[in-house]
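K.L.:
Provided herewith is a single structure, encoded as structure tokens, for subsequent inquiry.
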Amino acid sequence: MLTVPEAARIAGRDPETIRRWIRTGKLPATKVGTQHVIRESDLEELIAPDELPVPSSWGEPITGGPLPNVVAILRRQRARH
């Protein structure tokens, strides 16, 4: 179980963003006393989806290979800073 500041540090987000996700129901959490606690698995599911769906209107890339996972590339670049 993670507190909001711990979840924010893992997700690389501001604690207020985590609280907003909780308020809107995007991130399940339980309240213990005055603090929200979050399951690590729920946080991981939210911040690291397996694969984002590609709209069918995009068609096939010219190279015939798979499209690059831009989200993963950006996360790796941000983690280096």
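The values are calculated or read from the model by the stated rules, or taken from the named source; none is laboratory data. Small disclaimer: the values here were computed from a predicted structure and weren't measured. We place every Cβ from the backbone using ideal geometry, glycine too, and count neighbours over all the protein chains shown.
K.L.:
Can you go through ILE38, ILE47 and tell me which one is modelled with pLDDT under 85, surrounded by 11 or more Cβ atoms within 10 Å (Cβ to Cβ) and closer than 30 Å to ARG23 by Cβ?
P.N.:
ILE47 is the lone residue from the list that is modelled with pLDDT under 85, surrounded by 11 or more Cβ atoms within 10 Å (Cβ to Cβ) and closer than 30 Å to ARG23 by Cβ.
K.L.:
Is at least one residue of region 9-31 in contact with a Lys or Arg (Cβ under 7 Å, 6 or more places away or on another chain) and in a helix (DSSP H, G or I)?
P.N.:
no
K.L.:
Looking at VAL70, VAL4, which one is surrounded by 15 or more Cβ atoms within 10 Å (Cβ to Cβ) and within 25 Å of HIS81 (Cβ to Cβ)?
P.N.:
Numbers: VAL70 fails: surrounded by 15 or more Cβ atoms within 10 Å (Cβ to Cβ).
After applying the criteria, what remains is VAL4.
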